[in-house]
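J.: What follows is a single structure, and I will ask about it in a moment.
What follows draws every value from the coordinates through simple rules; no lab data is involved. This structure is a prediction, so every number in the text was calculated from the model and none was measured. Heads up, the Cβs are rebuilt from the backbone with ideal geometry, glycines too, and the neighbour counts pull from every protein chain shown.
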Amino acid sequence: MKVSAYDLEQAAAALVTLDRRARRSWETQDFADLARARGRLRPEIVLSRLAQIDLVRGVDDRWERTEQGDEVVGALVEKNWTPYCEALFGLDDVNCEATNLIKVGISTGLTWRCLLVRAQNAAPTLSAVLGWRADFRDGPTLVVPRELLELLSRAHLMATARDTPQWVKQREAVGHRAEAYSMRFEAMRLGAARLLWVSVDVGDAYGYDIEADDEPERRMIEVKGSRGREVSFVMTGNERRAAERIGSTYEIQYWGEISLDREPGAEYEHLVGRGYPRILQDPAGAIDRGEWAVECVAWRVTPGGA
């Protein structure tokens, strides 16, 4: 779901208040209370968007500002919105509106001009973010350096025009189908109202795909899908850290033998009949106890790093 300018403005106000209260870290509910959550998006979704542009990060069950977040919030405290606006240009929600915005304005030399009302109709989030900067406003008109909008537009067009290899598309389709199967599997047990499809509705920064309100505890479910039968998969560093942090209520649901040629409804019934999903509980504990075979298949390399 697309983040609104209102959500982003409320987020800025909440971050400033947390800073004034000397809160270096906070829980989601603390942020929700300050943001007053009148926007469309849940506070954890807004926080995940801020994490995507490196203003905050999740640490255990809390959130904290990054080094860049410190600089941005420091500027906000001084009522300088420019660093925050520039950081938000990195959000797809904001960036993707650049092409529409350019079409409704007029380029005059080094600037681009448009009545703010027209800009808001064409690109509601981006026009609002730009409008937070006083130097981009001239009465009822939005006046923006032409190079800035062209830069945003080029970045958006390059991202959308990039051709994804077919094998990547198929792998993503297998993974998404597996998540949908787990959602249906859990909904049959608990009811859809007690589930949150985190990877779809919130984002992929949490290290798991589904939250299940399975009283008395909530289960965090990471879903793995494969075309093969053997239970073998890759855990990212983020997933491993989440598994270690959450412990016994973190589980992996593995769906194997997936075929994209089959109709999903019929395939779901077929796979359940074959004993899927394979449910693997407390993976971090299983790894620590040596119950699972683990092989390093990738390294993060930082040339010149300590």
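J.: Rounded to whole Hz and in sequence order, give me ³J(HN,Hα) for region 267-284 from the Karplus expression 6.51 cos²θ - 1.76 cosθ + 1.60, θ = phi - 60°, writing x for Gly and Pro.
T.: Residue by residue, region 267-284 yields 5, 4, 4, 4, 5, 4, x, 8, x, 8, x, 6, 9, 10, 8, 6, x, 4 Hz.
J.: Modelled label-to-label distance, residue 33 and residue 201, 7 Å Cα→beta-carbon offset: nm?
T.: Calculated label separation equals 2.4 nm.
J.: Right, next: Taking H as built 1.01 Å from N, whose amide H comes closer than 5 Å to the amide H of residue 218, not counting residues under 5 places away?
T.: none
J.: Residues in region 48-71 near a label at residue 22, defined as backbone nitrogen under 16 Å from the 7 Å Cα→Cβ point?
T.: Answer for this model: none.
J.: When only DSSP loop residues count, what trypsin sites (Lys or Arg not before Pro) in region 197-233 have their Cβ near at most 14 other Cβ atoms within 10 Å?
T.: Values: sites: 218, 219, 224, 227, 229; in loops: 227, 229.
Those satisfying the criteria are 227, 229.
J.: So what is the calculated 222 nm ellipticity per residue for the chain, using -39500 (n - 2.57) for each DSSP H run with n of 4 or more, over all residues, to the nearest 500 deg cm²/dmol?
T.: Working: 15 runs with 148 residues, N = 306.
The per-residue figure over the chain is -14000 deg cm²/dmol.
J.: How would you order 93-102, 133-142 from highest to lowest mean count of nearby Cβ atoms within 10 Å?
T.: Values: 93-102: 20.6, 133-142: 13.7.
In decreasing order of mean packing, 93-102, 133-142 become 93-102, 133-142.
J.: Oh, and also: What ranking do 84-92, 143-151 get when scored by the average of other Cβ atoms within 10 Å per residue, highest first? Before the final figure, lay out the partial values.
T.: On the way: 84-92: 18.9, 143-151: 16.3.
Ranked by mean Cβ neighbours within 10 Å, highest first: 84-92, 143-151.
J.: Amide H to amide H, which residues 5 or more places from residue 225 or on other chains are under 5 Å from it, using H placed in the peptide plane?
T.: Under 5 Å from the amide H of residue 225 lie the amide H atoms of 255, each far enough along the sequence or on another chain.
J.: Still on this structure: Please give the contour-minus-distance gain from residue 295 to residue 263: 0.36 nm per residue of separation, less the Cα-Cα distance, rounded to one decimal in nm.
T.: On the way: separation 32, 0.36 × 32 = 11.52 nm, distance 3.41 nm.
Result for the pair: 8.1 nm of gain on full extension.
J.: Also, quick follow-up: I want the antiparallel fraction of DSSP beta bridges within the chain, as a percent rounded to 5.
T.: On the way: 28 of 34 bridges.
Counting DSSP beta bridges with both partners in the chain, the antiparallel share is about 80 percent.
J.: Enumerate the amide H contacts of residue 137 below 5 Å, restricted to partners 5 or more residues apart or on another chain; note that Pro and chain-start residues carry no placed amide H.
T.: Under 5 Å from the amide H of residue 137: 143.
J.: Would you kindly state how much longer the chain becomes between residue 64 and residue 166 on full extension, computed as 0.36 nm times their sequence separation minus their alpha carbon distance, in nm to one decimal?
T.: Details: separation 102, 0.36 × 102 = 36.72 nm, distance 3.81 nm.
Difference between extended and current length: 32.9 nm.
J.: Using the Karplus curve 6.51 cos²θ - 1.76 cosθ + 1.60 with θ = phi - 60°, what ³J(HN,Hα) values do you get for each residue of region 87-92, in whole Hz, with x for Gly and Pro?
T.: Per-residue couplings from phi come out as 5, 5, 4, x, 7, 4 Hz.
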